[in-house]
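The structure appears right after this line, and notes come after that.
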Amino acid sequence: MAALCSEFGDLAEIKKQLISVIYLCKERGLQHTAKWASELAFALDPLPKDEVPPAPEFTEEDAKDLDALTLAKSYFDLKEYDRAAYFLKDCCSKKAYFLYMYSRYLSGEKKKDDETVDSLGPLEKGQVRNEALRELRVELSKKHTASELDGFTLYLYGVVLRKLDLLKEAVEVFVEAIHALPLHWGAWLELSNLVTSTEMLKSLSLPDSWIREFFMAHMYTELQMIKEALQKYQSLIEAGFSKSTYIISQIAVAYHNIRDIDQALSLFYELRTQDPFRIDNMDTFSNLLYVKGMKPELSFLAHNLVEIDKYRVETCCVIGNYYSLRSQHEKAALYFQRALKLNPRCLGAWTLMGHEYMEMKNTSAAIQAYRHAIEVNKRDYRAWYGLGQTYEILKMPFYCLYYYRKAHQLRPNDSRMLVALGESYERLSQQVEAKKCYWRAYSVGDVEKMALLKLAKLHEQLNESDDAAQCYMLYIQDIFSCGEQLEHAEVSTALRYLGQYYFKNKLYDEASLCAQRCCDYNDAREEGKALLRQISQVRDQIETPSADLFVPLSNNTPVRRVSPLNLISFTP
Amino acid sequence: MASVHESLYFNPMMTNGVVHANVFGIKDWVTPYKISVLALLYEMTAKVSLPKRRRLNELILPLLQGPDLSFGQLVRTVEEYCPQTASSVVLRLHDMADGELRDMEQFFSTLPFTAFDTEAYKTSVVGLFMRHMLLAYNKLSFSQVYKLYKSLQQYYHSHYAKPLSTLNFDGSDMDLTSTEDTVGDRMDKDELDTPLHESELRSDNAPSKGPLSQKQAEYFLARQAYLLKNDENKALKPAALQEELNNMLKFNPDFAEAHYLNYLNSMRVQDIFLSAHSLLHYFDRLILSGNEGKSNGDEGYGRSLRYAALNLASLHCRFGHYQQADLALQEAIRIAQESNDHVCLQHCLSWLYTLEQMKGSDSTVLTEDSVKMAAHFCLRYLASLGIQSLVQQGATQGKTAHKLMDALKDTDILHWKHSLSELIEISLAQTTSIWRMYGKSTMSAQQAQLLLNMSSLEPVNFGVHQNNTEAFAVALCHLAELHAEQGLYSAVSEIHQHLKTQFPPHTQHAKLWMLCDLKIQFDRHMNEGKYHLAEPLIVAMSALDKTQGLYRKALVLKALNQSTEAYKVLQRLQVHCDKTKCTELTIRVMLSTAELHWESSGFSTALPLLLQALALARQHHLQSLASETILHLAFTQMLSLQLMLGVPEQALNFLHEAIEPVLAHGSVMDKGRALLLTARCQMAVAGFKPNRQGHTDLKMLTLAVDTLNDATTYFSKLNCTERLREIHHLQAQLYHALGQKSQCNKSAMLFRLLDQELQTPALPVSMRL
């Protein structure tokens, strides 16, 4: 922590760096990095007048290219990439060279997108490609071997390599790029897309800069290591970035990923007050509202976003969620489709559309949607889980095992997959496996509090009364300790079983306590009363022979016998 | 007997091994190839003599319906029929490709050619094709027309860039290696990393190829699937095929059949993860297309679900995950029951008994049910398969031979009637195995030859006969073993060479020949007395078949005189055999145990064992084993006679019962052993005692000498030196008794030579058969 503080000690220095990098990025048309850096700079205190960094000095080459560059840049800003490239061809400064290559790359990308619309056949559809990539690669790799590339061109080279699916090389080049220019967030972001595991992350040699902390936090979120991510973000806030909307949104997303809904919601509210016209991440926000079933808030958000910009993927997702919550699934699916038209690689929309089709009982369309989601990102656990659910609905428990297993692999500590796995195993009468799954689900922290109940019932079926009682006990503790009332809670079932269990084991005090508790629930009242009657009868019989008969008995309880439970402290 | 029943993977999309990939509702698209065909049609209207015209007309249909060819291939094909037309087609295309866009537009404006009116009536194939093309062309937007023109130029020039000689027209030339990189910025494709890199480098100097048409892709898939099924060696190598498929899937992730081929390909290399993944993916995709394509959507979609579960069961079955397979099968059965799909249910049932059989439990009842139901629903294939499975079970359970053969014959008639060639092959292989089990080597060899020489009934696609089924492997293995029995080792090695190329080590049926090869090598080493060479083979054998390995281990231990260990192993085997009801092995184990008892002179304990073995062998009609048991019995008698001074005539009489079948059907080793034993009995009958003068029947002795001579020829065939040494020793003694000095000296010398060579001391009075 101390090291971190020292790294962030000079916030003014950081701000200076940010301002200079914003200038550099703007010159080169790298708008996203400029946006990110500006957001961050905005969160820091303004600098006094004399400390504002001056524009980078002008070299001889820059002066020579100035006119061409200005002309090209204005074409570039108007998305006339070919024109920009044409006028930059003979420039020799590094800045011009980057802009030249970058506009060629973008022109290729733009043409590729346009081509997709009128292709010559179904098979050719996937074959449309950015024709410029190969040439760019050849030229850039020549310069790369001569080590004539600066941070920005290295970044471009990396992007080209990644688009050509040369991932290993791309990683190397991106690492090189961030070493050359640590402040270029775009390069970090591209790198983060290529890192697939913690091992890989550890093996990378990253430059020692304050921006590295941002990257690590981002990476931890991506790799589902939420605890570490939250820690990192917390320390960043403490270091002085408390006003940054970027960090707030990232934390909120992290909380969303571990399903800490309330925390995430409060953060999003805060974000909305600070930055009311923000559209980024609002789909995540709407997911949260959806889960909480907060219709009015969701409706407000949807209307608000439509006013800001209705042709954004996020907006469409929010509206889709809104309709889904109102059970208008056709319309919801329509909006998700629109989101996909805006960006076919939008992962969340595919999965959400799958959910909608599931709601509409259109399983085959749901499978299609989920498969598309997986195609976009193989690591999307929700899509795997959704596929599993689809097959479960089709009553194919063995078939869905594969999908649940995949989902579980991706989220080893998510209880929902484990419970789903357990249920499938139970349906296949694989009780041993099912028990393992339920127990594991409980141990990793059960969100829905169902695992223990299911485990207990399973034990009950298998006549393992001690284990069953223990599970019911834990279940009751679990339900009451979490405070809120859950709809599906079956405390009465647990109490009923526990009462009978204690009665059978001649622990009459505990049994009567359970029976009394049973009377609090409508569905178990009669049984509770009957049990109480039985207990009092048996007590009458016992009291006559001798009282000390009871003492050795209770000492002889089996080792695994559940310790009597203090139920008085619970308020139902 | 190897399990002949290994049902073929059933895939609703596949008939005769060809995947019908027409699930996307293909529309006609104008491609450069089609423009060339149009040009050909156009040129045909010009002055072409009538016979040539006729020949060209023959060509048109395959050109219209086939996959897109490269320009070079097209020109070559046309040249074969009419060089003149070919050159004018080239000229016409040259005009278009090297001209301007206008030329192509003009060409289309002449469509449909008026001169064709008489032959190309509106609704004829050619007429339809032309009108289709015209429609498709008219639908194109401006940029699409421009693109088409560009690709036409590329199409034409790609032919020109290459010299004609390198263009080989055999259809297999189709190279799908696409060098493109696409929209795909998928992150987790590290595995594609290197191959793409290479292909990219390649493409730097070669002009990139035109787009891959739907038909080309389909043709590629169909061809590879067919090859995989029928002759794996001719298909692409697993890695190469995988690469092609990955490429294809990258361009069109919706091409579900590619996933199925991917599944088959992964099965080849025993990759469970990838194959399961591809299988599920395929069915996920199939479910969609089934729903879209058919009007009775629900039916098609439910159907593929059932078969998905069934296929999953077969996958697990193949990898030996019986429990998983069982669960998947139950699921398939349940869904099929719910939707009243009897055909699917029958498929499930046939898998169920196969699974039971693989697990090693008795499934006769299930199989019988399956046969009955399949016959009821007119599923000939399944019914016959069931009968064959029943025959196999019956054979191991000792059902009478004529019943089995009758059943096979009856089903065979059906097979021939409906030309179910696969089942005919299985049936022949099964007869081979059954005859072999009964010990009739000639019949067995004859059946095997029949199968191998039979020409397949299946239509020959892509120039490949189907000859890689398990039936072929089984027959070839039997043939190899039969040859080995006769000591024809060069023939054996030839057969193995063939097996090795036909069934490469990674394939499904390779284990069969591997085990067979090991068995033959082992027997050979044992016969030659090279036990140290035989021993390492046991480990390899155990890996393939545990029980066989264990049995061979006992044999080696016995040969190395480690009797207690050998006995322990044999006991274990006995218990195992009782459990699995493997009669053949049971009898062999009994015989080996009896042999162990001889060494400890426990003849009285050996006798009941041998009698039991004889009873078992007779009950199961195992003639070769029965005669071997008789040999053992006779030997026991003879040995005990020597001790108890009994009547040697009886042993000789007893032998006569066995000697005939042995000489007729037995292996060379068995023949030699039988003759040696006869000679020794004859000597005993003659009252011959070495080193002691007494009354001896000289006539009988000469007979014994002759018998020994015969035995010598057999043993020398196998290079069985130990036994030869023994024979020479006996012969020398006999000649001595007969007073034939020179012969005696000769035999003695031979004995001396072999003894020096062997170095191991001879067993006392040879205590073995």
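The values are calculated or read from the model by the stated rules, or taken from the named source; none is laboratory data. Small disclaimer: the values here were computed from a predicted structure and weren't measured. FYI the Cβ positions are ideal-geometry reconstructions off the backbone, even for glycines, and counts take in every protein chain you see. Just the protein is used for accessible areas: all its heavy atoms, side chains included, with ligands, DNA and RNA removed. Shrake-Rupley method; radii C 1.70, N 1.55, O 1.52, S 1.80 Å.
Quick notes
- Separation of alpha-carbon centers, region A:355-388 and region A:75-95, rounded to whole Å: 43 Å
- The relative contact order of chain A comes to 6 percent, based on Cα pairs under 8 Å that sit 6 or more residues apart.
- All-pairs alpha carbon distance profile, region A:317-453, 5 Å steps from 0, percent: 2, 12, 19, 19, 18, 14, 10, 4, 1, 0
- Hydrodynamic radius of region A:237-347 by the Kirkwood approach over all distinct alpha-carbon pairs: 14.2 Å.
- Set A:LYS243/A:LYS295; A:LYS73/A:LYS310; B:LYS553/B:LYS717; B:LYS553/B:LYS671; A:LYS26/A:LYS243; A:LYS64/A:LYS110 screened for pairs whose C-alpha atoms are more than 27 Å apart: A:LYS243/A:LYS295; A:LYS73/A:LYS310; A:LYS64/A:LYS110
- With the alpha-carbon atoms of chain A aligned to their principal axes, the span from lowest to highest coordinate is 113, 60, 45 Å, starting with the largest.
- Cβ-derived FRET efficiency at R0 45 Å, A:VAL447 paired with B:GLN574, nearest 0.05: 0.20
- Label-to-label distance, nm, for residues given as B:GLU368 and B:GLU660 (7 Å Cα→Cβ offset): 3.7 nm
- Region A:19-57 and region A:157-178: distance between their alpha carbon centers, rounded to Å: 26 Å
- Here the Debye sum runs over all C-alpha atoms of region A:19-58 as equal scatterers in vacuum, and log10 of I(q)/I(0) at q = 0.16, 0.19, 0.26 Å⁻¹ comes out as -0.42, -0.58, -0.93.
- Chain A: angle of helix A:397-410 to the longest principal axis, Cα-based, in degrees nearest 10: 60 degrees
- Here region A:193-256 was treated as a single set of alpha-carbon atoms; its pair distances binned every 5 Å from 0 give 4, 18, 29, 25, 16, 7, 1 percent.
- Residue list for region A:93-117, given a label point 7 angstrom along the Cα-to-Cβ vector of A:GLU139 and an amide N cut-off under 20 Å: A:93-113
- Between A:ASP466 and B:ASN561, the simple spin-label model (points 7 angstrom out along Cα→Cβ) gives 5.9 nm.
- Rounded tilt (10° steps) of A:151-163 against the dominant C-alpha axis of chain A: 60 degrees
- Calculated FRET value between A:VAL538 and B:VAL343, using beta carbons and R₀ = 45 Å, to 0.05: 0.15
- Protein heavy-atom accessible surface, 1.4 Å probe, per residue over region B:317-436: 42 Å².
- Using θ = phi - 60° and Karplus 6.51 cos²θ - 1.76 cosθ + 1.60, couplings along region B:747-758 (whole Hz; Gly, Pro as x): 4, 4, 5, 4, 4, 4, 4, 5, 5, 4, 5, 7
- Spin-label model distance (nm) - A:LEU189 vs A:LYS243, 7 Å beyond Cα toward Cβ: 2.3 nm
- Modelled FRET efficiency - R0 51 Å, B:ILE413 with A:ASP520, Cβ distances, 0.05 increments: 0.05
- Drop in accessible area of at least 20 Å² in the complex versus isolated chain, residues of region A:159-175, 1.4 Å probe: A:ARG162, A:LYS163, A:LEU164, A:ASP165, A:LEU166, A:LEU167, A:LYS168, A:GLU169
- Summed over all non-identical Cα pairs, the Kirkwood treatment of region B:471-552 gives a radius of 12.9 Å.
- Kirkwood Rh (inverse of mean 1/r, distinct Cα pairs), region B:388-435, angstrom: 10.7 Å
- Chain pair A, B: total accessible area buried, heavy atoms, 1.4 Å probe, Å²: 5600 Å²
- Once the Cα atoms are used to define both axes, helix A:295-308 deviates from the longest principal axis of chain A by about 10 degrees.
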